[in-house]
Amino acid sequence: MTEQLNQQNAEIKIHEVATRISQLRQDLNLTVEEMAEQTGYSVEDYRSFESGEKDFSFTFIFNIVTNCSN
């Protein structure tokens, strides 16, 4: 039961971060395609990250920070 609860909490957190990434992209007036290119991921992978369908790696988060902090 605890493991299932931990998994559910992790999924909620992933979706929260994904929502923030999506909002950041929109605030920067970037398209999904532009953000995918800037982060070095395919559009398909980027969409999976931004929707929260796919768990993101540290590298993905690092690329977001590096490319969007200018």
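When Glu33 is tested against (1) surrounded by 10 or more Cβ atoms within 10 Å (Cβ to Cβ); (2) out of contact with any helix residue (DSSP H, G or I) (no Cβ under 6 Å at 6 or more places or on another chain), exactly one condition is not met: (2). Is there a residue in region 33-52 that is within 12 Å of Ile14 (Cβ to Cβ) and aromatic (Phe, Trp, Tyr)? Checked against the condition, which is being within 12 Å of Ile14 (Cβ to Cβ) and aromatic (Phe, Trp, Tyr), region 33-52 yields at least one hit. Does region 46-69 include one or more residues that are at pLDDT 95 or above, of a type in the set (A, V, I, L, M) and within 13 Å of the chain's Cα centre (by Cα)? The answer is no; no qualifying residue exists.
The set of residues from region 51-62 being open to solvent by 30 Å² or more (accessible area, probe 1.4 Å) and either under 18 Å from Thr19 (Cβ atoms) or outside any helix (DSSP H, G or I) (or both) comprises Ser51, Glu53, Lys54, Asp55, Phe56, Ser57, Ile61.
Pairing each residue of region 3-32 that is in contact (Cβ under 8 Å) with a residue 40 or more places away in the chain and part of a helix (DSSP H, G or I) with any residue that is open to solvent by 90 Å² or more (accessible area, probe 1.4 Å) and of a type outside the set (Ser, Thr, Tyr), provided the two are 6+ apart or on different chains, yields C-beta distances under 7 Å for Ile14/Asp55.
Quick one: in region 36-45, of everything that is over 13 Å from Ile61 (Cβ atoms) and part of a helix (DSSP H, G or I), which residue is least open to solvent (accessible area, probe 1.4 Å)? For region 36-45, the residue satisfying everything is Ala36.
The values are calculated or read from the model by the stated rules, or taken from the named source; none is laboratory data. None of the values given here were measured: they were computed from a predicted structure. Backbone-built Cβ (ideal geometry, glycine too); neighbour counts: all protein chains shown. The protein model used for the area step is the full one, side chains on, heavy atoms only, and it has no ligands, DNA or RNA in it. Shrake-Rupley method; radii C 1.70, N 1.55, O 1.52, S 1.80 Å.
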